[in-house]
Amino acid sequence: MIRNLNPLLIVTLTLVLLLAGMGPSIEWSDSRPGLTLDSGMTSALAAETKERKIKYWVAPMDPTYIRHEPGKSPMGMDLVPVYEDEAPSGSTIKIDPVTIQNMGIKTVPAQTETLVKELRTVGIVTYKEPQQYSVNSKISGWVERLYVNETGGSVKKGQPLLEIYSPDLVSAQQEYLLALRNQAALKDSRFAEIAQGGQSLLEASARRLKYWDISDRQIEELRKTGKVRKNLVLYAPYNGIVTMKMVNEGMFIKAGMELFKISDISTIWIDADVYEYELPWLKAGQKARVEFPYAPQETLEGKISFIYPYVESKTRTTKVRLEFTNPGYKLKPDMYVNVHLQEQQLENTLVIPNNAILDSGDKQTVFVALDGGKFEPRRIKVGLRGENGKTQILSGLNAGDQVVVDGEFLLDSESQLQETIQKMLDAGKAEESSSMQMDGGAKAQNENMNDLFDDKPKKKENLNDLF
């Protein structure tokens, strides 16, 4: 029977017997250094652990699950003790150097330096408003001939624009000629009043023609020739280009109707949009450089002539006006250009990088590195933002303070978590204190009630003592 046993089974049974102590005894030992603790070191560690006081117990996977005694977390894991010397206080956090390196936290000092800002924006070429003119007729009539018949054409001052036939104008000329002959007949009268009346009537007739834009030269020609002109010629009052034409040949026009709009673009304006937060960097007279998108190598030098006193409601921008001469009409109205406003400097001001600031809208916060691996959140007040990612600090920091520029979001979440835990602990203590006060008050109230309903007989009063 024994001969039929499998050799592998025999070996297995032998090992089981050896491990069970049936075979020769085996003594295990480890001679590696560092695994054997000295008895003095063991007692010192035990004493140190015994002296440290546990503040509360927390779940390993949920720092907000806090208990005052050991137990299990909702995930079934044992709660971990947090000692008083390790418990966070307020919003200041402490991180060991290895974790700081793993988180990639970097700090830079707050420095006092010169803050520089150069504004770059887009401008639109516009007409110079004082050099825009409207041409209209003061009489009604028909356009017999149109000399300027296209928009965009250039006109000179005194150049004929159109001819108007007006029955009223013909009657006015005839009245002038009658007044002229009457004045010639009465000027030698023995009565001065009659001679003066003839002269006054002539002057009134001439004044009426002038009110209808009949020039002195035309009136003089009418006086010399004595011939009534059928048509009235309107002349250009200024130099410029025709930017709008609202009349055609043969058209009937009424008195006061606008016929042409003429603009002088020898000098033009450029309106540039600047955001509200950039307004502190602007001032009248500030130098500017204009570049053409189609020709970046060509630039114009100018300055801010006016800052508009209102903000556009749709774009939330303010317009600034630049004024330039325009030889050759290179700048054309409604053209887009790039505008570079001269950089402004704010000297001797405290600045930090923009990425160090945690901006929540109503408050700005930075994390300041303290000694011993501690980081403190600090509320600050910011000012102007300059070039190269720098921001002016008005209050909350001093020169030399080390502010966190990388990893501040991780610090912010940890700080808020620790602050929440501290508030939870404070709320728990307040609740316990309130509960103890309520228990004491209830006990005192019960004692008073017992005094009211005490069944013990009271001591009889002596009547003789009363009297």
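The values are calculated or read from the model by the stated rules, or taken from the named source; none is laboratory data. Please read all numbers here as calculations on a predicted model, not as lab measurements. Every residue, glycine among them, receives a Cβ derived from its backbone with ideal geometry; neighbour counts consider all protein chains shown.
Would you confirm whether or not the stretch 249-268 contains a residue that is closer than 30 Å to E343 by Cβ, surrounded by 12 or more Cβ atoms within 10 Å (Cβ to Cβ) and not basic (K, R)? Steps first, please.
In the first step, residues of the stretch 249-268 are kept if they are closer than 30 Å to E343 by Cβ; the result is 267-268.
If we keep only those that are surrounded by 12 or more Cβ atoms within 10 Å (Cβ to Cβ) as well, we get 267-268.
Add one more test, that the residue is not basic (K, R), and what stays is 267-268.
Checked against the condition, which is being closer than 30 Å to E343 by Cβ, surrounded by 12 or more Cβ atoms within 10 Å (Cβ to Cβ) and not basic (K, R), the stretch 249-268 yields at least one hit.
Are any residues in the stretch 124-147 closer than 27 Å to Y165 by Cα and without any contact (Cβ under 8 Å) to a residue 60 or more places away in the chain, and if so, which ones?
Across the stretch 124-147, the qualifying residue is only Y147.
How many residues does the stretch 374-389 contain that are surrounded by 20 or more Cβ atoms within 10 Å (Cβ to Cβ) and either in a strand (DSSP E or B) or among the charged types (D, E, K, R) (or both)? Walk me through it before giving the result.
First, the residues of the stretch 374-389 that are surrounded by 20 or more Cβ atoms within 10 Å (Cβ to Cβ): 375, 377, 380, 386.
Right, trim to either in a strand (DSSP E or B) or among the charged types (D, E, K, R) (or both) and you get 375, 377, 380.
Looking only at that region, the number is 3.
So is A206 at pLDDT 85 or above and surrounded by 12 or more Cβ atoms within 10 Å (Cβ to Cβ) or not?
On the way: at pLDDT 85 or above: yes; surrounded by 12 or more Cβ atoms within 10 Å (Cβ to Cβ): yes.
Spelling it out, A206 is indeed at pLDDT 85 or above and surrounded by 12 or more Cβ atoms within 10 Å (Cβ to Cβ).
Could you grab me the full set of residues in the stretch 328-359 that are in the same structural domain as Y294 (by TED's automatic domain parsing) and in a loop (DSSP other than H, G, I, E, B)?
Correct list: K330, L331, K332, P333, D334, M335.
Within the stretch 340-373, which residues are more than 17 Å from V404 (Cα to Cα) and either surrounded by 15 or more Cβ atoms within 10 Å (Cβ to Cβ) or touching a residue at least 40 places away in the same chain (Cβ under 8 Å) (or both)?
Those that are more than 17 Å from V404 (Cα to Cα) and either surrounded by 15 or more Cβ atoms within 10 Å (Cβ to Cβ) or touching a residue at least 40 places away in the same chain (Cβ under 8 Å) (or both): H340, L341, Q342, E343, Q344, Q345, L346, E347, N348, T349.
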